[in-house]
Each structure stands twice: as structure tokens, then as C-alpha cells.
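First the structure, in the form of C-alpha cells, and then the observations on it.
The values are calculated or read from the model by the stated rules, or taken from the named source; none is laboratory data. Just so it is clear, the model here is predicted, and its values are computed rather than measured. Cβ placement follows ideal geometry from the backbone for every residue including glycine, while neighbour counts extend to all protein chains displayed.
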Amino acid sequence: MPKKIFIFFGPPGSGKGTQTDMLADKFKLPVISPGELLRFEEDRKTKLGEKVAGIMDNGKLVSDSIIEKMIDKRLAKKDARKGFILDGFPRDEDQLHFLIRKLEKITSPQDQVFTFLIHLNEAEVKKRLGGRRVCDCGAAYHLKYNPPKKRGICDVCGKRIYIRHDDKPEIMAKRLKLYHKQTQILTKKFGSIGLIHKIDGRKKIKEIHRDIMKIIKS
Ligand code: AMP
């Protein structure tokens, strides 16, 4: 079976997480998100979690060596053999080169690699992030666009949902600035190496999913 690899770019709040979860369900592939992996470490108060907590809470990027090691370890797991979905990686040039080297090693010509950029302008991002709520189990909601069935409670596990610390306005502004500085240079580079599919992030969740599926099937 050929592998399917999906790489997602997009500003915080663009709906990447929602779309990657939908694809994961459809293709039975794992979503690999360094942000999620790091939050898991933070919650369990591991050494790594304690080391990165301050960096993440400030909206800064964790060092490439930590992230690349984590990605390497995660890609080596059995469930990633038939493919995977990347959300939040690569985030700078060093990580991009790491990924290209990795893909050269683990893919063969019949495998499929798709790169998507979910585009959303800054005003829209700010509006979206204001309503984002998350759960410890990894589920994400939006008070207006994707609310849980019961107010304040996660549909998946029944725990209370909350605002991510780094979604607070002053940290969000930093994360957006960083996104524009680093990720946009990256998507340009990626665009010149492979094909990057630009997706209109203003549409409804289901419509965006349909747009992505159309590209995958074509
Ligand atoms: P995210 O959940 O993707 O918004 O990531 C949350 C935070 O985790 C970021 O603000 C960074 O501090 C850290 N992080 C996630 N992915 C990366 C990455 N590829 N490189 C460096 N830091 C990352």
C-alpha cells in the first residue's frame, strides 16, 4: 500500500487541527503535532515538559533539536508506517530541511505527499482564537463555529474545556508575529520545492474538508 503523507501549514486558529483530525479519521492515520506532544509532556510534568513550559507559554518556538528528536521518535512508531499527518511541523527552515531529508529516506515514488496551506487573514485569526476552547484529551472547539453539545463540556471525554494559555491576547499576538516571520518564508520555499495547495480557511469546516478531499482525489 502506498503511504499517504499530509503536511499542513496555516496560522494558529486557521482550523488546521480540526481538518487534520477529520483526515485522520478518514484515512486512519496518526496526526503528529509537536504542540500536542509538548502539551502532553507539560501535563505529565516530565523533565522535557518543565523545560518547554515557559517557552510555549510565551509563544516562542521550542529548539529545533528537541522538536526534531521528538518527530523522529514519533515517526518510528508502527502506526506511522502507512502514512501520517503533520500539524505544526515544519515551522522553520531547519525543520523543513530535516523533513525533506526524512521524506527522502522513508518514502518511495508511489507514495503520495500532499502539502496544504490553510489561508486566513490576521483579523479573522484573531476573531477565531478568541473563541477557541480545548480539552486535555486533545479535542478542540470554537464557541461559535464548532461548539460542544453541552456548554463548557467536552463531547469526547466529558471533561471541562478551557482557553489555552497561549491563546491569551498578548501571547497570541506574539505567536502570530512569529508565524508571519517564519512560516510564510517557509511556505514560499516549500512552494518552490513541491506543490502547495492553498485552501480558503474562511469557509465552513465541512466545506474546507471537501476542498481538501477534492485535491487528494484528483
Ligand atoms: P501549536 O499547538 O502548534 O500552536 O504549538 C504550540 C506551541 O508549541 C508553539 O507556540 C511552540 O512553542 C511549540 N511548538 C509547536 N510546534 C513547534 C515546532 N515545530 N517548532 C518549535 N516549537 C513548536
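Quick notes
- Of the residues making up the range 31-51, just one is within 16 Å of the ligand (Cβ to nearest atom), among the basic types (Lys, Arg), part of a helix (DSSP H, G or I) and surrounded by fewer than 21 Cβ atoms within 10 Å (Cβ to Cβ), namely LYS51.
- Selected residue (only one of ILE106, ILE85, ILE71 is of a type in the set (Val, Ile, Thr) and more than 14 Å from the ligand (Cβ to nearest atom)): ILE106
- Screening THR107 with (1) within 23 Å of ILE163 (Cα to Cα); (2) surrounded by 14 or more Cβ atoms within 10 Å (Cβ to Cβ); (3) more than 17 Å from the chain's Cα centre (by Cα) gives one miss only, at (1).
- Members of the range 32-63 that are of a type outside the set (Asp, Glu), in contact (Cβ under 8 Å) with a residue 40 or more places away in the chain and over 17 Å from LYS102 (Cα atoms): GLY35, MET56, ASN58, GLY59, LYS60, LEU61
- Pairs where the first residue, in the range 64-90, is closer than 22 Å to THR187 by Cβ and touching a residue at least 40 places away in the same chain (Cβ under 8 Å) and the second is hydroxyl-bearing (Ser, Thr, Tyr) and within 13 Å of the ligand (Cβ to nearest atom), C-beta under 8 Å, 6+ apart: ILE85/THR20; LEU86/SER33; ASP87/THR20; ASP87/SER33; GLY88/SER33; PHE89/SER33
- Residue in the range 6-22 that is in contact with a strand residue (DSSP E or B) (Cβ under 9 Å, 6 or more places away or on another chain) and of a type in the set (Lys, Arg) present: yes
- Taken over the range 10-30, the criterion of being crowded, with 22+ Cβ neighbours inside 10 Å and either more than 24 Å from GLU124 (Cα to Cα) or within 11 Å of the ligand (Cβ to nearest atom) (or both) is satisfied by GLY10, PRO11, PRO12, GLY13, SER14, LYS16, GLY17, THR20.
- Test result for ASP166, part of a helix (DSSP H, G or I) and surrounded by 14 or more Cβ atoms within 10 Å (Cβ to Cβ): yes
Results for (1) touching a residue at least 40 places away in the same chain (Cβ under 8 Å); (2) touching a Leu at 6+ places or on another chain (Cβ under 6 Å), shown as yes or no for each residue.
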residue: LEU176; (1), (2): yes, no
residue: THR187; (1), (2): yes, yes
residue: PHE190; (1), (2): yes, no
residue: HIS197; (1), (2): yes, no
residue: GLU207; (1), (2): no, no
residue: LYS214; (1), (2): no, no
residue: SER218; (1), (2): no, no
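- One residue stands out among those in the range 189-212 that are among the β-branched types (Val, Ile, Thr) and surrounded by fewer than 17 Cβ atoms within 10 Å (Cβ to Cβ): the one that is farthest from ASP21 (Cα to Cα), which is ILE193.
Table: residues versus (1) surrounded by 17 or more Cβ atoms within 10 Å (Cβ to Cβ); (2) under 24 Å from GLU41 (Cα atoms).
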residue	(1), (2)
PHE116	yes, no
LEU120	yes, no
VAL125	yes, no
ARG132	yes, yes
HIS142	yes, no
LYS150	no, no
CYS154	yes, yes
LYS174	no, yes
THR187	yes, no
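- Residue match in the range 56-70 (condition: at pLDDT below 95, over 27 Å from PHE6 (Cα atoms) and not acidic (Asp, Glu)): yes
- Meets criteria (of a type in the set (Ser, Thr, Tyr) and within 8 Å of the ligand (Cβ to nearest atom)) for SER65: no
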